[in-house]
Amino acid sequence: MTRGEKKTVAIVGAGIVGVSTAIWLQRDGHEVILVDRKGPGEGTSFGNGGVLASCSV
């Protein structure tokens, strides 16, 4: 994509990476379609906490 060109983007997977990507693309003005079997963030496994700490980024 070139700078300033708005697109419709499909993202497969509504985990933390998919949702974060969707948010940033929407903030940039793109239309986003987020596809997952369940709702956003509902697919986290029992063993993974899905925790993000700003000190680790």
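Within the shell defined by Cβ-Cβ distances under 14 Å, the residues around Glu5 carry a net charge of +1, with Lys and Arg each +1 and Asp and Glu each -1.
Computed from the C-beta positions of Lys38 and Thr8, the FRET efficiency with R₀ = 35 Å rounds to 0.95. Near Leu34, the amide H atoms lying under 5 Å from its own belong to Ile11; only residues 5 or more places off or on other chains count, and H is placed 1.01 Å from N. Computed from label points 7 Å out along Cα-Cβ, the spacing between Ile16 and Cys55 is 1.6 nm.
No lab work stands behind these numbers, since they all come straight from the coordinates. These numbers come from a predicted model, not from an experiment. Here the Cβ is made from the backbone with ideal geometry for all residues, glycine too, and neighbour counts use every protein chain on show.
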